[in-house]
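The values are calculated or read from the model by the stated rules, or taken from the named source; none is laboratory data. Because the structure is predicted, anything quoted here is derived from the model rather than measured. Cβ coordinates were reconstructed from backbone atoms using ideal geometry, including for glycine residues, and neighbour counts include every protein chain displayed. Heavy atoms of the whole protein, side chains included, go into the accessibility calculation; ligands, DNA and RNA do not. Shrake-Rupley method; radii C 1.70, N 1.55, O 1.52, S 1.80 Å.
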Amino acid sequence: MSLTARRVIAIHVAPRLAVATRREPTEGNTFDLLGRPLRDLRVSLTDRCNFRCTYCMPKDVFNKDYQYLAREQILSFEEIERLAREAVSLGVEKIRLTGGEPLLRKDIEVLVNQLSQLRTPDGGPVDVTMTTNGSLLARKAAALRDAGMTRITVSLDALDQHTFSAMSGSDASVGTVLDGIEAARQLGFSPVKVNTVVRRGVNEDQIIPIVRRFKGTGVTPRFIEFMDVGSTNRWELREVVPSAELVRRIDSVFPLTPSGARPGRATSRTFDFLDGSGRVGFISSVTEPFCADCSRLRLTADGRLFTCLFGAEGVDVRAALRHGDGDLAGILRSVWYERSERYSELRGESGAPGTAQHAEMSLLGG
Ligand code: SAM
Ligand code: SF4
Ligand code: SF4
């Protein structure tokens, strides 16, 4: 029986409240002020990108006059590895490389190889993965796999070339990104996920074609609600297409059934196709915030730690990494220990985005 028939669509608009309990750190476990463990590290490798997605790096702001980070401000692979090693000792099990466009970073496979060697305090492997726009993936996928990467997420907002060009602000072809996805699939990356940011009236008509394109291929499409991240993308609530609406639309063409409770810390809610041909995910940061399960620490390319995607400044650890100024593990622990952010839940409660300036997504990494 399909979702529609059973009327079990269960995307709640009301945010879940974070549980404000202080838990003491133990080895391999560091908890923040709301009792959330440190589990994930997102590393932005560069603030540059070869795309100009309208919702992330609009062309009129990220133009030739934009002040990108200078080469000497950017962390080396050794510096990133050192920070990651400390983070893993405090509980991080998963590292996602992002940006900007991470594949613009030369010899990225060297870093992937270094990070893949890290071990958790109980000797377990660290999951090293990446989010990429896919434009350079076809030529890089084998090197990434050989360096130890087994999972990957590729962003793709449209199959229609005209819509893709308008949304990505680039002259890349959809075919190039599809080739990258296919290369990853052929090389055995699993899962391969495809991220699609949905904007009302812009790429809504691409949802069903994207689902149809990947259904039965082992690739999982994930639809992301347009977020008010950064300060330049002119976000408006009316452009957000709620995941509940997308679930209904997809279900009416390809019947779905919930994949079960969202596992703790997962950002997406997933649904299986009733015919067993795969699954589809929804990242609903606006209509269904998941702050209560957010275990993500972000490191910017210039060495600042952010404990929320909607932060403004971050804590600078570059000097500690570069010159040994300060106790790196102590800084990391206290940054996480003092964390209390839950921006999306508060936005949900107030019904409006906060007014503070946020750092840009291209700096923080998605
Ligand atoms: N350049 C890479 C890419 O596009 O996959 C990695 C960095 S990008 C900032 C990471 C993810 O953030 C992408 O999947 C992108 O679609 C998503 N993203 C960027 N801006 C967003 C926004 N305003 N709302 C929702 N998702 C956004
Ligand atoms: Fe670049 Fe990714 Fe941002 Fe698009 S979403 S502009 S590809 S960093
Ligand atoms: Fe995590 Fe901040 Fe996003 Fe909430 S708003 S899920 S705390 S990054």
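Given springs between every Cα pair under 10 Å in a Gaussian network model of the chain, which of V126, V61, V211 has the largest fluctuation?
Top of the fluctuation ranking is V61.
How much length is gained on full extension from D65 to E78, taking 0.36 nm per residue of separation minus their Cα-Cα distance?
Working: separation 13, 0.36 × 13 = 4.68 nm, distance 3.04 nm.
Between D65 and E78, full extension yields an extra 1.6 nm.
So for segment 3-364, Kirkwood radius off the Cα pairs, Stokes-Einstein at 25 °C and 0.890 mPa s: how many µm² s⁻¹?
117 µm²/s
Are there any trypsin sites (Lys or Arg not before Pro) in segment 90-170 that are in a DSSP loop and have at most 13 other Cβ atoms within 10 Å? List them by number. Could the numbers behind the result be given before it?
On the way: sites: K94, R96, R105, K106, R119, R139, K140, R145, R151; in loops: R105, K106, R151.
Qualifying residues, ordered by number: K106.
Tell me, what is the FRET efficiency for S231 and A142 to the nearest 0.05, using R0 = 51 angstrom and their Cβ-Cβ distance as r?
Details: r = 38 Å, r/R0 = 0.75.
The calculated FRET efficiency here is 0.85.
Mind giving me the nanometre distance, one decimal, between the label points for E349 and D275, set 7 Å out from Cα along Cα→Cβ?
Modelled inter-label distance: 4.5 nm.
Among residues other than R322 whose Cβ falls under 12 Å from its Cβ, what is the net charge (Lys/Arg +1, Asp/Glu -1)? All intermediate terms of the calculation are to be shown ahead of the outcome.
Details: positive: R82, R318; negative: E72, E78, E79, D302, D316, D325.
With Lys, Arg at +1 and Asp, Glu at -1, the net is -4.
Accessible area of K193, 1.4 Å probe, to the nearest 10 Å²?
50 Å²
Could you check the spin-label model distance between Q357 and Q186? Points 7 Å from the Cα along Cα→Cβ, value in nm.
Computed distance between label sites Q357 and Q186 equals 4.7 nm.
Mind grabbing the accessible area of S252 for me, 1.4 Å probe, Å², rounded to tens?
Here the accessible area works out near 90 Å².
Considering only D146, D65, D40, give the residue with the highest GNM mean-square fluctuation for the chain, with springs between Cα atoms whenever their separation is below 10 Å.
D65
Restricting attention to segment 25-83, which GluC sites (Glu not before Pro) occupy a DSSP loop and are surrounded by at most 10 other Cβ atoms within 10 Å? It would help to have the intermediate numbers written out before the result.
Details: sites: E27, E72, E78, E79, E81; in loops: E27.
Sites meeting the loop and neighbour criteria: E27.
Ignoring ligands, DNA and RNA, what accessible area per residue does the chain give at 1.4 Å, in Å²?
On the way: 15390 Å² over 366 residues.
Heavy-atom accessible area per residue stands at 42 Å².
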